[in-house]
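Reviewing the structure listed below.
The values are calculated or read from the model by the stated rules, or taken from the named source; none is laboratory data. All figures in this text were calculated on a predicted structure; none of them were measured in a lab. Note that we place each Cβ from the backbone using ideal geometry, even for glycine, and neighbour counts take in every protein chain shown.
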Amino acid sequence: MNLPLPTPEACTRTLDAVLLDPLDPGANAEAHMRTCRACSEARVAYLAQEEAPEALAPMGYFERLPERVLRKLPARPLLHHRVTPFTWMAAAALLVAVGGGAFWAGQANRTPYVEATRQPEIVETTDSDTPFHDHEEDVAQVQTLNPEEMKALLKHLDTPQPSPR
C-alpha cells in the first residue's frame, strides 16, 4: 500500500495561495515557486485548466476555410451535354408511341356496360315470409285501435281473400 508523502508546510501555503488567485498568489508564494519546481508546475497546471478567453485561431481563419478547401479539391468534369433537335424529336416520338399504345390498350380491354332490362318483381310479404316476426306486436297494435278502426279491421278480415296462383 502506497502512502502519500507528507507535503511540506511551505508548499501547502503556496498551493492554497495559488488556488485563491493563480495569477497573483502573493510575494511569498512567488518566492517559493522560484525554488520549488513541484509548486511551480502545479500553478501552471491549474492555469491550464481555466478557460482561455483569447482566440485560439488567427483572425479570418474560418472565413477563408471554404476557399482553401475548394482550392485543394480536384476540378469537376463538365456534365453538360448539348441536346440536339434530333434528340428532342426522338424523345417526342417515343412519348407519343408509348402514350398512344397505352391509351389504345386500355380502350381494347374495356368491358361493355350491362344494362338491366327486366323489371324486378314486387313480392308481398306475409307472416310466413318473416320467420323472426314477433306476433305479440300485432296483438298490441290491435289493442290500441279505437272502436271505429276495430270495426273496419273486422270487416276487412271477414271479406274473402283471393287465392294465390
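For the range 8-21, taking the residues that are under 13 Å from E41 (Cα atoms) and touching a His at 6+ places or on another chain (Cβ under 9 Å), the one that is surrounded by the fewest Cβ atoms within 10 Å (Cβ to Cβ) is identified as C11. Mind checking whether some residue in the range 48-58 is at pLDDT 70 or above and small (G, A, S)? Within the range 48-58, one or more residues are at pLDDT 70 or above and small (G, A, S). Only one entry in R71, R82 is under 40 Å from the mean Cα position of the chain (by Cα) and not polar (S, T, N, Q), namely R71.
Sub-8 Å Cβ pairs linking a first residue in the range 22-35 that is closer than 12 Å to L47 by Cβ to a second residue that is among the aliphatic types (A, V, I, L, M), at least 6 apart or interchain, are P22/L47; L23/L47; P25/A17; P25/V18; P25/M33, ordered by first then second residue.
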